[in-house]
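J.: Just passing along the structure, written as structure tokens.
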Ligand code: M6R
């Protein structure tokens with residue numbers, strides 16, 4: 001899980017541009033960074049550490065030349081060290097490669113290459129690539145053909161950018177199961193892991209498919225398949241502005257993205273007619289199976305409650321990493337709905353490929369042109385815009401909005417649209433509670449454990465609140481169906497443990513209230529989320545976050561998640577953690 005970028009510029013130094021691009025890719029990996037530019041020789045500056053620190057020491061932008069490649073790393077093979085940082089080179093330092101993905105057969109290839117006399121400098125899987133290219137160039141092939149030849153030796157996943165001092169006007173990009181896009185301006189060419197990385201320089205994008213190569217150089221951009229055949233590919237103009245990919249005045253991407261949520265939901269609502277068209281095209285089905293990971297799984301869980309209670313369609317929710325163990329029950333009567341912000345999550349893509357063999361698949365995706373969008377039978381875009389913070393926030397509420405829209409068009413209950421249109425206003429009101437939530441965060445920042453409870457529609461909200469807390473504050477948070485507490489977890493409740501109770505008005509309210517009393521009797525500190533007029537809840541809770549009375553439990557998952565995101569964010573900041581880059585996590589998980 002890494003970020004790669006490459007560029008060929010017109011009379012302009014490449015290194016400062018590459019540095020800007022990798023800064024925008026830092027959410028894909030942040031344990032090492034490196035840049036290479038070719039002049040009379042390949043010059044590389046790289047090291048382990050955050051970009052800002054490595055740049056301070058090495059002055060990355062000082063590298064000469066008008067083209068180059070760059071990388072941010074999130075280690076999978078080999079510790080985060082200078083030697084393992086990309087770019088990697090061949091024996092003679094004439095070829096440099098940056099790579100995202102995993103080369104599964106690298107050990108065998110490395111042994112073979114070492115037997116042939118190649119000397120390796122790192123522990124990475126990536127390093128076999130420049131050595132393979134070297135081998136084929138030494139045998140007389142040019143950079144393009146040697147790269148193509150090397151790719152046929154690889155098993156696993158890759159997005160790569162390659163350059164050589166022997167052909168110092170060319171960058172080769174290629175992909176298989178890891179994202180890679182090409183950007184184009186007049187006489188300036190880019191390859192990158194994603195669009196925000198290069199948006200400052202161009203919004204004209206070509207999406208590469210698996211087993212395709214991009215040859216950037218004197219002939220402009222050529223897209224070819226792995227056999228060398230030219231491919232015609234349309235250039236897409238991306239409407240995201242560079243500002244949308246920047247922090248926009250906030251301290252962190254996460255808080256910016258939390259505040260963008262009402263807008264994100266409005267943008268998703270603009271997709272209503274597209275979603276309607278997708279629904280009209282869907283084949284008949286008698287069963288739904290949601291598949292997703294993490295936050296997208298919690299959106300799916302809400303989908304289950306919605307579709308079963310309001311559509312009467314049996315609906316399963318399966319974690320993508322578990323899907324391969326339970327897919328036997330799929331058939332042509334099943335609609336498999338995959339939810340994935342990135343469209344590149346390895347577990348979800350694997351599940352998608354299994355599902356495609358047995359059922360119709362519909363992907364709900366944020367990243368345009370991502371693998372999931374290209375491999376599913378039907379696609380719905382969340383249109384939340386780029387999400388940089390590792391913790392998913394605005395994409396979650398956009399995913400939920402897509403699910404409501406799906407429900408509306410599948411059920412024909414168009415009157416629900418009016419309620420949905422009002423949700424962004426309720427979200428704005430929820431965001432106005434930020435000061436109060438900051439105070440709560442200060443009070444509980446040192447607590448070792450948190451519980452989040454809810455029933456029905458509020459159970460996924462509780463789960464998502466707990467996930468947000470865990471990933472960015474490193475506090476242990478349990479999300480539980482409120483009724484399940486008494487079957488075990490109640491034993492963990494000690495005096496003073498905060499319990500966040502999600503208790504909107506509706507069918508589940510009274511029972512959840514009973515659980516609030518249950519935990520309070522055991523000394524818990526109750527932080528309740530409920531309706532403004534819910535006096536009885538207010539009287540029991542130590543802290544109460546109030547919402548408009550008209551938000552009932554069916555539509556509560558969108559506005560009610562906001563205080564929980566804010567709580568996690570402010571505890572993270574209070575603890576001095578960078579919420580955008582929690583330890584051990586990355587935005588896009590491209591390994592199983
Ligand atoms: O891109 P995806 O939606 O497929 O990602 C799934 C999870 O990896 C993701 O939601 C993860 O749990 C987030 N860090 C949660 O904030």
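The values are calculated or read from the model by the stated rules, or taken from the named source; none is laboratory data. Since the structure is predicted, the reported quantities are computational estimates derived from the model, not experimental observations. Note that each Cβ is placed from the backbone with ideal geometry, even for glycine, and that neighbours are counted across all protein chains shown.
J.: Restricting attention to region 457-485, which residues are buried (at least 23 other Cβ atoms within 10 Å of the Cβ), away from the ligand (no atom under 16 Å from the Cβ) and farther than 20 Å from residue 525 by Cβ?
T.: Answer for region 457-485, where residues must be buried (at least 23 other Cβ atoms within 10 Å of the Cβ), away from the ligand (no atom under 16 Å from the Cβ) and farther than 20 Å from residue 525 by Cβ: 457, 459.
J.: Same structure, new question: Name the strands (runs of 3 or more DSSP E) wholly inside region 19-114 in which the number of residues that are free of Cβ contacts under 8 Å to residues at least 60 places away in the same chain is 1 or more.
T.: Strands (runs of 3 or more DSSP E) meeting the threshold: 32-38, 42-48.
J.: Related question: Report, by residue number, each residue of region 342-386 that is within 9 Å of the ligand (Cβ to nearest atom) and outside any helix (DSSP H, G or I).
T.: Result: 342, 343, 344, 345, 365, 366, 367, 370.
J.: Okay, next question. Tell me, please, whether a residue that is over 28 Å from residue 580 (Cα atoms), surrounded by fewer than 23 Cβ atoms within 10 Å (Cβ to Cβ) and modelled with pLDDT of 95 or more can be found in region 17-39.
T.: no
J.: Those residues that are out of contact with any strand residue (DSSP E or B) (no Cβ under 7 Å at 6 or more places or on another chain) and farther than 23 Å from residue 52 by Cβ, I need them from region 79-99; list them, please.
T.: Of everything in region 79-99, those that are out of contact with any strand residue (DSSP E or B) (no Cβ under 7 Å at 6 or more places or on another chain) and farther than 23 Å from residue 52 by Cβ turn out to be 90, 91, 92.
J.: With 303, 312, 324 as the choices, which residue is buried (at least 23 other Cβ atoms within 10 Å of the Cβ) and either in the same structural domain as residue 391 (by TED's automatic domain parsing) or more than 16 Å from the ligand (Cβ to nearest atom) (or both)?
T.: Every option except 303 fails the conditions.
J.: It is to be established whether one or more residues within region 217-233 are under 26 Å from the mean Cα position of the chain (by Cα) and either outside any loop (DSSP other than H, G, I, E, B) or surrounded by 19 or more Cβ atoms within 10 Å (Cβ to Cβ) (or both).
T.: no
Condition check ((1) touching a helix residue (DSSP H, G or I) at 6+ places or on another chain (Cβ under 9 Å); (2) within 16 Å of the ligand (Cβ to nearest atom); (3) over 30 Å from residue 176 (Cβ atoms)) across all residues:
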residue	(1), (2), (3)
501	yes, no, yes
541	yes, no, yes
551	yes, no, yes
559	yes, no, yes
571	yes, yes, yes
581	yes, yes, no
591	yes, yes, no
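J.: Only one of (1) surrounded by fewer than 22 Cβ atoms within 10 Å (Cβ to Cβ); (2) more than 26 Å from residue 167 (Cβ to Cβ) is not met by residue 84, so which one is it?
T.: With respect to (1) surrounded by fewer than 22 Cβ atoms within 10 Å (Cβ to Cβ); (2) more than 26 Å from residue 167 (Cβ to Cβ), residue 84 is out only on (1).
J.: Given the condition in contact with a strand residue (DSSP E or B) (Cβ under 9 Å, 6 or more places away or on another chain), in contact (Cβ under 8 Å) with a residue 60 or more places away in the chain and more than 12 Å from residue 472 (Cα to Cα), answer yes or no: does some residue in region 579-591 qualify?
T.: Within region 579-591, one or more residues are in contact with a strand residue (DSSP E or B) (Cβ under 9 Å, 6 or more places away or on another chain), in contact (Cβ under 8 Å) with a residue 60 or more places away in the chain and more than 12 Å from residue 472 (Cα to Cα).
J.: OK, next. Can you work out which of the residues in region 387-404 that are within 11 Å of the ligand (Cβ to nearest atom) and assigned to a loop (DSSP other than H, G, I, E, B) is nearest to residue 258 (Cα to Cα)?
T.: Out of the qualifying residues, it is 393.
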